[in-house]
Amino acid sequence: MTQQSLSFHPKDTPKPGTLCGRVFDVLHARRGEWIDGRELAKIGGFAGFTARCRELRNRYGYDIENRWYEVRRDGKKFRVTEYRML
């Protein structure tokens, strides 16, 4: 008797309609384009969209990059975070 593989199958997709599935839909439809984290937060939850992106990387095997940069507006400093699927 052999043990079943516990590894994930790269390029599986999350269930449609779930928060992870909704983030996947946007990243996949706009593959290669940097997407503002605020837009993904509206889709995948304010504090949860980063976890959804991490799940797409780790569980489903997708190449997702993120970057951030700082902007100043009205004397205040803000951090802008962006994600893209390769």
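The values are calculated or read from the model by the stated rules, or taken from the named source; none is laboratory data. Quantities reported herein were computed from a predicted structural model and do not represent experimental measurements. Heads up, the Cβs are rebuilt from the backbone with ideal geometry, glycines too, and the neighbour counts pull from every protein chain shown.
The requirement of being in contact with a Gly (Cβ under 6 Å, 6 or more places away or on another chain) and either without any contact (Cβ under 8 Å) to a residue 40 or more places away in the chain or over 20 Å from Asp12 (Cβ atoms) (or both) is fulfilled somewhere in the range 50-73, by at least one residue. Applying a threshold of 7 Å to beta carbon distances and a minimum spacing of six or more residues, or different chains, the list of pairs starting in the range 14-42 at a residue that is among the charged types (D, E, K, R) and ending at one that is surrounded by 12 or more Cβ atoms within 10 Å (Cβ to Cβ) reads Lys15/Gly21; Arg22/Ile43; Arg22/Gly44; Arg31/Met85; Glu33/Arg84; Asp36/Val80; Asp36/Glu82.
Among the conditions (1) modelled with pLDDT of 95 or more; (2) in a helix (DSSP H, G or I), Gly32 misses just one, which is (2).
Return the residues of the range 72-84 that are exposed (fewer than 10 other Cβ atoms within 10 Å of the Cβ) and closer than 18 Å to Val23 by Cα; say none if nothing qualifies. None - no residue of the range 72-84 is exposed (fewer than 10 other Cβ atoms within 10 Å of the Cβ) and closer than 18 Å to Val23 by Cα, so the list stays empty. The residue of the range 74-86 that is nearest to Ala29 (Cα to Cα), among those that are among the basic types (Lys, Arg) and either in contact (Cβ under 8 Å) with a residue 60 or more places away in the chain or touching an Asp or Glu at 6+ places or on another chain (Cβ under 8 Å) (or both), is Arg84.
Among the residues of the range 28-71, those that are farther than 13 Å from Tyr83 by Cβ, surrounded by 15 or more Cβ atoms within 10 Å (Cβ to Cβ) and not aromatic (Phe, Trp, Tyr) comprise Gly45, Gly48. Looking only at the range 38-86, residues that are acidic (Asp, Glu) and in a helix (DSSP H, G or I) come to 2 in all. Among the residues making up the range 14-27, a single one is buried (at least 18 other Cβ atoms within 10 Å of the Cβ) and not in a helix (DSSP H, G or I): Pro14.
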